[in-house]
């Protein structure tokens, strides 16, 4: 056996059909596409996935759409027309995985709910991504990311003591997407041993509630919720961002009392604080957070950001610069590890991030293009045996685009 031969991507040969929009389902299926799956994205003819119109920041394309939809084929179908729905049924019949995140109840009305599809196609893995799940008092409640962040309590623990804020990324969407992605992988593994697919159910609320585990259990069993502390930590001190002499903020984190001793001696140059009863333990430092932060802030304010980082690293103290998105785009770690790639799109080549899953020994991922709306409609229809004359009639009637 040639151990040097390139290995196929893990999901080569897997076909995914997705009736998806916004972020939660599209981001899940993009992970599948990155790992080699063929992902057929079904969109509305009249504008497609509404995330296409969120903004025009990426050379006229929407940043959300570029991020969550590379590597897919786009077919534009009117599912309110029986002819469009029949085309979708044919695509699903040839698929391994079906993913949808339509409004609650819409998939069932179209006969596209997971239970119905899996009964018809026993090998199919059918994924329902919803806001709050298929039952319960919130089942039919609108579930945009910010709303779910609020309902799941994330906003209550994010921000400053004076002002709660939502996360700056769509945390509820991403949480649901990653559980849908891992759920599909688990279902494919099970199908490999049993020969049967089955439903996979993920809700944004359940996913984000799981991510809230630490503050949830802290509050349930501790009798009070964790405080909002900005970039500080509710139960660790010092753990915050501090101004430096030339302006940039430097964040540092002391995880134990040994580290505090090194910080006091080597960075603050106040060795007496290492053993002072008001600072010697994390419990004491947290109780005296104002004084702790003042001591750290005074020392770092005398140093430039570069000097502060260098001194902290010599002392073995975890630290970071408080970067913005511009600094992330130019980050030397991304450049050094070749974490950028070129991705095709209707607007031309784009610079996008390489997926974070690394699988040495072969092609690591498939860097597919961002599709235009309906870019693959004709090819997919012809593969189903639809004639050019029939395609023309469907296009004339607005069933496809």
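Only the coordinates and a few stated rules stand behind these numbers; no lab work does. All values reported here derive from a predicted model rather than from experimental measurement. When we count neighbours, we look across all protein chains shown, and the Cβ atoms used for this are built from the backbone with ideal geometry, even at glycine.
List of remarks:
- Spin-label pair residue 235/residue 387, simplified geometry with 7 Å Cα→Cβ offset, distance in nm: 7.1 nm
- Relative contact order of the range 239-321, pairs being alpha-carbon contacts under 8 Å that are 6 or more residues apart, as %: 43 percent
- By DSSP, the beta bridges lying fully in the chain are antiparallel in about 40 percent of cases.
- Cβ crowding within 10 Å averaged over residues, with 93-99, 339-345 ranked highest first: 93-99, 339-345
- Distance from the range 373-399 to the range 38-61 (C-alpha centre basis), Å: 19 Å
- Computed over the range 119-189, Kirkwood Rh from alpha-carbon pairs, angstrom: 14.2 Å
- Computed E for residue 342/residue 7 - FRET, C-beta separation, R0 30 angstrom, nearest 0.05: 0.85
- Two-site label geometry, residue 86 and residue 246: point separation in nm, points 7 Å out along Cα→Cβ: 7.0 nm
- Paramagnetic label zone (point 7 Å from Cα along Cα-to-C-beta, residue 310; backbone N under 11 Å) in the range 322-336: none
- Mean projected area of the convex hull spanned by the Cα atoms of the range 178-329, taken over all viewing directions: 13.4 nm².
- With the simple spin-label model, which puts each label point 7 Å out from Cα in the Cβ direction, the residue 193 to residue 287 separation comes to 5.2 nm.
- Computed across the range 69-146, the Kirkwood hydrodynamic radius from all distinct Cα-Cα pairs reaches 13.8 Å.
- Segment residue 185..residue 59, full-extension length gain: 42.0 nm, with 0.36 nm per residue of separation and the alpha-carbon distance subtracted.
- Helix 171-194 axis, angle to the chain major axis (alpha carbon atoms, nearest 10°): 60 degrees
- Relative contact order (%) - the chain, alpha-carbon pairs under 8 angstrom, separation at least six: 19 percent
- Under the Debye formula (equal points on every Cα, no solvent term), log10 I(q)/I(0) of the chain at q = 0.07 Å⁻¹: -0.44
- Computed from the C-beta positions of residue 359 and residue 272 and an R0 of 45 Å, the FRET efficiency is 0.30 to the nearest 0.05.
- 0 to 90° range, to nearest 10: angle between helix 24-34 axis and the chain longest Cα axis: 80 degrees
- Taking only the alpha carbons of the range 30-77, we obtain Rg and Dmax values of 11.1, 30 Å in that order.
- Percentage, to the nearest whole number, of Cα pairs in the range 280-357 over 15 Å apart: 73 percent
- Along each principal axis, Cα extent of the range 1-139, largest first, Å: 55, 43, 34
- Helix 213-222 and the long axis of the chain differ in direction by around 50°, with both axes built from C-alpha atoms.
- In the chain, the DSSP-assigned H stretches of four residues or longer account for a calculated mean residue ellipticity at 222 nm of -10500 deg cm²/dmol, using -39500 (n - 2.57) per stretch and the full residue count as denominator.
- Interatomic Cα distance distribution for the range 239-321, bins of 10 angstrom, percent: 20, 59, 20, 1
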